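Nothing in this text is a laboratory measurement; each read-out follows from the coordinates by a stated rule. Keep in mind the model is a prediction, meaning the values are calculated, not measured.
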């Protein structure tokens with residue numbers, strides 16, 4: 001998972017989740033009676049803010065994926081009209097602010113996007129007095145609140161899911177191991193909240209300087225703390241693009257007993273796939289959307305557009321899914337209300353069930369996966385309703 005906070009330019013509007021499903025009416029089989037079905041007879045004007053136009057190929061790719069997925073979701077809605085108007089921000093907070101105001105002046109009832117969290121914050125501020133809500137492609141909870149909702153899988157969602165599973169499976173004594181940077185501190189706090197809510201205990205917190213030498217120097221001490229604290233699990237904030245490959249191997253090299261001490265990851269350990277072959281991550285747990293739904297969405301997107309979607313594309317689909325479900329409640333061109341967006345039943349999107357919380361964050365139905373022999377094995381399936389197992 002790309003860290004939404006680690007680098008300003010990549011502060012996850014681009015949460016790299018592998019998400020998926022097929023059509024809105026069938027994306028979550030046996031989803032339960034609480035999920036809001038697609039609205040009937042409604043019409044909503046949606047402003048889609050994408051990062052295209054910056055001159056950077058990465059932004060063009062992200063923008064194309066987001067627009068494609070949004071249009072795929074629109075095609076799956078039955079009896080709902082979405083008037084999608086696309087605005088290209090170039091990844092600029094100032095431009096996102098101006099375009100958000102323009103979109104509202106042109107009749108937008110809800111804003112989907114922007115991509116980067118700085119843009120989303122600027123867009124939300126720009127239209128705060130209009131009653132129009134912003135559904136941002138971000139997992140940065142720091143920007144959530146007021147009229148800004150984040151669609152991405154937040155650290156709190158992940159930590160809570162994994163902590164519940166760990167406590168249920170006898171791994172309730174948690175040692176937190178985090179990067180000594182902003183993302184690491186945010187991740188540490190999320191793990192602390194998740195463990196407390198699950199009824200577990202944080203038996204220690206240890207960290208390392210975010211550098212190769214820092215990890216090498218810290219590894220023996222981390223192993224020593226794990227032993228002296230009686231930890232039954234190490235909850236790591238490290239990601240695959242950062243410290244995880246080296247850190248996981250050094251913990252093993254310094255004598256951590258993986259037979260009794262469970263590795264748990266706050267980030268996705270299966271992206272990129274090459275990570276799965278690393279010796280240090282074998283046996284580790286991490287959280288992910290239902291991989292079966294991911295495969296379905298990927299196949300459908302491939303058939304429609306000739307390429308596999310970037311993981312973030314599913315967030316655009318989910319945004320349209322939620323808007324489509326509420327379309328019948330919108331009257332006379334009024335904005336999509338916060339009360340409707342935060343109704344407790346939740347929505348079914350290509351990444352499974354999800355719902356927005358009044359504080360602008362979200363809850364998502366996630367599976368718990370384990371790496372075994374270089375393969376991803378689901379050890380606890382994603383929940384199909386908000387009252388079921390996994391919540």
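A few notes on this one:
- Remark: the stretch 271-337 is approximated by an ellipsoid whose semi-axes, taken from the C-alpha gyration tensor as √(5λ), come to 35, 16, 9 Å, largest first.
- Inter-centroid distance (Cα atoms) of the stretch 74-115 relative to the stretch 148-216, Å: 34 Å
- On Cα atoms only, tilt of 212-229 relative to the major axis of the chain in degrees: 70 degrees
- Taken over the stretch 77-141, the convex hull of the Cα atoms encloses 95 Å³ per residue.
- Computed over the chain with a Gaussian network model linking Cα atoms closer than 10 Å, the most mobile of 145, 200, 332 is 332.
- The long axis of helix 244-253 is offset from the longest Cα principal axis of the chain by roughly 20 degrees.
- Gyration tensor (Cα) of the stretch 119-278, equivalent ellipsoid semi-axes in angstrom: 32, 18, 13
- Rg/Rh for the stretch 50-162, where both radii come from Cα atoms and Rh is the Kirkwood radius: 0.98
- Surface/4 of the Cα convex hull for the stretch 198-241, nm²: 3.7 nm²
- For the stretch 116-192, the fraction of alpha-carbon pairs in successive 10 Å shells from zero, as %: 18, 37, 26, 14, 4
- Over the stretch 174-256, all Cα pairs binned in 10 Å intervals from 0 give whole-percent P(r) values of 19, 54, 25, 1, listed from short to long.
- With Cα atoms, 0 to 90° folded angle of helix 117-126 axis to the chain main axis: 40 degrees
- With N counted as the residues of the stretch 217-321, its alpha-carbon radius of gyration over 2.2 N^0.38 Å works out to 1.35.
- Translational D in µm²/s for the chain (Stokes-Einstein at 20 °C, 1.002 mPa s, Kirkwood Rh from C-alpha pairs): 102 µm²/s
- Per-residue ellipticity at 222 nm, computed for the chain from helices alone with -39500 (n - 2.57) per DSSP H run of at least four residues, works out to -11000 deg cm²/dmol.
- Once the gyration tensor of the Cα atoms in the stretch 294-391 is diagonalised, the equivalent ellipsoid follows with semi-axes of 28, 20, 10 Å, ordered largest first.
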